[in-house]
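I have a structure I would like to understand better, so I am pasting it below and will then ask my questions one at a time.
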Amino acid sequence: MRITVLGGSGAWPVAGGACGGYLVRWADYRLLIDPGFGSLGHLLGHTRAEDVDAVLVSHGHPDHCADINPLLRARTLSTSPPDRLTVAAPHGALDAILALDEPGFLDDSHRLAEFTPGDAFRLGPFQIQSVALPHSVDNAGFRISAGGRHLAYTGDRGPDPRMVDLASGADVLLAEATFPEEVPARHRGNLSSARDAAVEATSAGVGHLVLTHLWPGTAHRRAYEAAVPYFRGPISVAQPTMELDLGSADHAS
């Protein structure tokens with residue numbers, strides 16, 4: 001299983017960066033997770049829009065799904081449009097994004113596979129276990145497994161013991177870490193910090209912690225240093241072009 005980070009900003013992209021977006025590959029199968037603002041441009045540096053096999057979305061905030069629109073446009077307007085793309089998301093999460101174009105324009109580009117957080121399902125070679133995690137809208141965390149390798153991903157969420165259970169023994173925990181240490185009162189319960197993510201990673205016994213969804217302008221070093229006292233394994237901060245091979249990754253911080 002190989003993971004390519006397309007972006008790691010929360011809320012809006014920093015200059016030259018992108019909001020969250022993660023390409024996960026097993027053999028020739030390409031699964032795109034949470035394609036937020038700006039992630040498509042980075043994705044196209046790794047694969048064609050037509051070659052994405054499925055999309056998995058944690059929730060409907062645009063910094064996690066806005067670039068589904070240009071992805072489907074690229075497939076629809078291709079000189080050789082591919083088969084419909086499976087797009088899995090919580091019920092109703094993509095209604096606004098899919099309504100951006102004129103009615104019917106994108107209908108032949110995708111097949112919407114809605115689920116309820118807590119459901120288990122397959123996308124190609126990947127077994128997906130989802131769990132409902134606290135956020136301001138319905139949000140799913142995921143455990144994504146193939147060939148004995150496991151990636152856990154939080155979406156956006158407040159700290160929750162269900163995430164620890166979901167991530168137990170995972171090779172990589174890709175964790176929302178909007179703030180370094182303290183979560184401001186107005187976001188408490190709906191978002192997390194790098195410190196929260198490190199505590200969860202330790203409790204879950206994961207192999208490698210990747211901090212993502214940093215508030216724009218947050219120094220990567222600050223997020224990293226906030227996590228270090230609470231997790232003894234490798235820690236990275238998500239940024240475009242980062243690649244992780246779950247079998248033999250060079251886990252640079």
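Hey, among 159, 117, 103, which residue is in a loop (DSSP other than H, G, I, E, B), out of contact with any helix residue (DSSP H, G or I) (no Cβ under 7 Å at 6 or more places or on another chain) and either closer than 15 Å to residue 34 by Cβ or touching a residue at least 12 places away in the same chain (Cβ under 8 Å) (or both)?
None of the other options fit; the residue is 117.
Separate question: Restricting to region 162-178, name every residue that is surrounded by fewer than 24 Cβ atoms within 10 Å (Cβ to Cβ) and in contact (Cβ under 8 Å) with a residue 60 or more places away in the chain.
Once the filter is applied, which keeps residues that are surrounded by fewer than 24 Cβ atoms within 10 Å (Cβ to Cβ) and in contact (Cβ under 8 Å) with a residue 60 or more places away in the chain, region 162-178 yields only 171.
Is one or more of the residues making up region 187-203 in a loop (DSSP other than H, G, I, E, B), buried (at least 23 other Cβ atoms within 10 Å of the Cβ), at negative phi and in contact with a strand residue (DSSP E or B) (Cβ under 9 Å, 6 or more places away or on another chain)?
Looking through region 187-203, at least one residue is in a loop (DSSP other than H, G, I, E, B), buried (at least 23 other Cβ atoms within 10 Å of the Cβ), at negative phi and in contact with a strand residue (DSSP E or B) (Cβ under 9 Å, 6 or more places away or on another chain).
Right, residue 72: part of a helix (DSSP H, G or I), crowded, with 24+ Cβ neighbours inside 10 Å and not aromatic (Phe, Trp, Tyr) or not?
Spelling it out, residue 72 is indeed part of a helix (DSSP H, G or I), crowded, with 24+ Cβ neighbours inside 10 Å and not aromatic (Phe, Trp, Tyr).
For region 209-221, which residues satisfy the criterion of being buried (at least 20 other Cβ atoms within 10 Å of the Cβ) and either among the acidic types (Asp, Glu) or outside any loop (DSSP other than H, G, I, E, B) (or both)?
209, 210, 211, 212, 214
If you don't mind, there's one more thing I want to ask. Which condition number does residue 71 fail, the rest of (1) closer than 22 Å to residue 154 by Cα; (2) of a type in the set (A, V, I, L, M, F, W, C); (3) touching a Pro at 6+ places or on another chain (Cβ under 8 Å) being met?
Among (1) closer than 22 Å to residue 154 by Cα; (2) of a type in the set (A, V, I, L, M, F, W, C); (3) touching a Pro at 6+ places or on another chain (Cβ under 8 Å), the lone unmet condition for residue 71 is (1).
Hey, could you check region 224-238 for residues that are outside any helix (DSSP H, G or I) and surrounded by 19 or more Cβ atoms within 10 Å (Cβ to Cβ) and say which is farthest from the chain's Cα centre (by Cα)?
So the residue we want is 231.
Could you tell me whether residue 243 is over 19 Å from the mean Cα position of the chain (by Cα), surrounded by fewer than 19 Cβ atoms within 10 Å (Cβ to Cβ) and not hydrophobic (A, V, I, L, M, F, W, C)?
no
I need the full set of residues from region 1-55 which are buried (at least 22 other Cβ atoms within 10 Å of the Cβ), hydrophobic (A, V, I, L, M, F, W, C), assigned to a loop (DSSP other than H, G, I, E, B) and in contact with a helix residue (DSSP H, G or I) (Cβ under 6 Å, 6 or more places away or on another chain), in order please.
Once the filter is applied, which keeps residues that are buried (at least 22 other Cβ atoms within 10 Å of the Cβ), hydrophobic (A, V, I, L, M, F, W, C), assigned to a loop (DSSP other than H, G, I, E, B) and in contact with a helix residue (DSSP H, G or I) (Cβ under 6 Å, 6 or more places away or on another chain), region 1-55 yields only 18.
Among the candidates 54, 113, 66, single out the residue that is within 26 Å of residue 11 (Cα to Cα), more than 14 Å from the chain's Cα centre (by Cα) and not acidic (Asp, Glu).
After ruling out the rest, the residue left standing is 113.
Matching residues to (1) in contact (Cβ under 8 Å) with a residue 12 or more places away in the chain; (2) of a type outside the set (D, E, K, R); (3) touching a Ser or Thr at 6+ places or on another chain (Cβ under 9 Å):
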position	(1), (2), (3)
125	yes, yes, no
147	yes, yes, no
155	yes, yes, yes
180	yes, yes, yes
195	yes, no, no
206	yes, yes, yes
215	yes, yes, yes
237	yes, yes, yes
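Read-outs throughout are calculated quantities, based only on the coordinates presented, and are distinct from any laboratory measurement. Since the model is a prediction, treat every value here as computed from it, not as a measurement. No Cβ is skipped: glycine too gets one built from the backbone with ideal geometry, and neighbour counts run over all protein chains shown.
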